[in-house]
Amino acid sequence: MKKILFFATALFLLLGIGANAQQRGPRERMTPEQRAERTVERLNEELKLTDAQQKELKKWYTESFKKNEENFQKNREDREAMRAQMQKNREANDAQLKKVLTAEQYKTYKANEEKRHKEMQQRGPGRPGGNHGGGYPRN
């Protein structure tokens, strides 16, 4: 009887570990449209965007994320080119936000970004949300 109980317990443990490991597998990549939607939702929560601002930012972010994917594929092997392109993308993002947001919203946005940046630095490399040296998966 003890053997049966032992084997049943071991079986449940193995099944539990296996199911847990599967849940931590690679996440499905979001489309540029999904990423744009998520970004605008976050901005709306933080900045209380108008409908017109949301619409304009969704369109801009969707186009921007599509271009980013194309550039990533093109510059996959050239890290310096990728880094330069990412810097250009950040500058373009800032310019677009300055154009669409009010001065007060933009000020709040910059403060929130600075706060997020500091939090990521404190987490350190190798931790979830930390600075791993890039946002793209390595193959």
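Here, each number is a calculation from the coordinates, and none is a lab measurement. Being a predicted model, the structure only gives us computed values, none of them experimental. All Cβ positions, glycine included, derive from the backbone under ideal geometry; neighbour counts span all protein chains shown.
Exposure proxy shown here: for D94, D51, D78, the number of other Cβ atoms within 10 Å sets the order, fewest to most, as D51, D78, D94.
For the stretch 38-45, 3J(HN,Hα) computed residue by residue from phi via the Karplus equation (6.51, -1.76, 1.60; θ = phi - 60°) reads 5, 5, 5, 4, 5, 5, 5, 4 Hz, glycine and proline entered as x.
Straight-line reach from K99: taking Cα to Cα under 17 Å and skipping same-chain neighbours fewer than 8 places apart, the aspartates and glutamates in range are D51, E56, E63, E91. For K67, the lysines whose Cα comes closer than 17 Å to its Cα, not counting residues fewer than 8 places off in the same chain, are K58, K59, K88.
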